[in-house]
1. About its Cα centre, how strong a charge dipole does chain B have in debye, to the nearest 20, once Lys and Arg get +1 and Asp and Glu get -1 at the Cβ?
2. Could you tell me which residue out of B:44, B:59, A:81 lies farthest along the dipole of the protein assembly as shown toward its positive end? Charges go on the beta carbon: Lys and Arg +1, Asp and Glu -1, centred on the Cα centre.
3. So what J values fall out for the stretch B:61-76 if you push phi through Karplus, 6.51 cos²θ - 1.76 cosθ + 1.60 with θ = phi - 60°, rounded to Hz, Gly and Pro as x?
4. Relative contact order of chain A: what whole-number percent is it, with Cα pairs under 8 angstrom and at least 6 residues apart?
5. Which net charge results when you count Lys and Arg as +1 and Asp and Glu as -1 among the other residues whose beta-carbon is under 11 Å from that of residue B:49?
6. Would you mind checking which residues have amide H under 5 Å from residue B:59's amide H? H placed 1.01 Å from N; only 5 or more apart, or other chain.
7. Under a straight-distance cross-link criterion of Cα-Cα below 29 Å, which lysines are reachable from residue A:19, leaving out those fewer than 8 residues away in the same chain?
8. Can you give the local net charge around residue B:98? Use residues other than it whose beta-carbon is closer than 15 angstrom to its beta-carbon, Lys and Arg +1, Asp and Glu -1.
Amino acid sequence: DTEVTQTPKHLVMGMTNKKSLKCEQHMGHRAMYWYKQKAKKPPELMFVYSYEKLSINESVPSRFSPECPNSSLLNLHLHALQPEDSALYLCASSQLDTRGQPQHFGDGTRLSIL
Amino acid sequence: AQTVTQSQPEMSVQEAETVTLSCTYDTSESDYYLFWYKQPPSRQMILVIRQEAYKQQNATENRFSVNFQKAAKSFSLKISDSQLGDAAMYFCAETSYDKVIFGPGTSLSVIP
């Protein structure tokens, strides 16, 4: 069972569109992550939220805008994307009260930019 | 800087046989954690096994075990009695604080 739920599973958008990716978890995890993953490559960290505050931004272009409305939800707002942004976008969550806890991943949103 | 290296981009194993995936890492931290994650084709990435660096005993989870050599900064994964469902990308990873550093991955094929 997927404990981290991502919607939509697939998204096709033009370069001028605005869309949002959503992620939800109900495990009480206080750290949430966005990753970008290309085929046969490891996930690349984009953003980290700790206790609903942005703690890490890996120099991601401003056309990607994260939002954490509450401890269970994480959004990624997309605007004016480029074809090279086509990828699998993974959300993950983990506990923060104990170090070294593993991350729980969602199934991802497969994004295609036309 | 933290780095994780997996020197085998692709590997294959006969069903029911044993295979070992290699991983080396480099970190200046004294307190860190190591993971193996599995990502089947078009499916969710899941944790296979976790090792605390301060523990000398190698972690095991059913058919999966690790060989953790701290001095050599080596963390290999052994899969015993390989099954068709073990076919996947395997990522070795290391974390000290809130960032996880992933290796480049090893694509494992299981031959019936």
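1. 80 debye
2. Going by the Cα projections, it comes out as A:81.
3. Once θ is set to phi - 60°, the couplings for the stretch B:61-76 become 9, 6, 7, 10, 9, 10, 10, 9, 10, 5, 5, 8, 6, 10, 8, 8 Hz.
4. Value for chain A: 37 percent.
5. Residues near residue B:49 contribute +3 overall.
6. Answer set, sorted by chain and number: B:66.
7. A:9, A:36, A:38, A:40, A:41, A:53, B:99
8. -2
Each value in this text was obtained by applying a stated rule to the coordinates, not by laboratory testing. Just so you know, these numbers come straight off a predicted model, no measurement behind them. Heads up, the Cβs are rebuilt from the backbone with ideal geometry, glycines too, and the neighbour counts pull from every protein chain shown.
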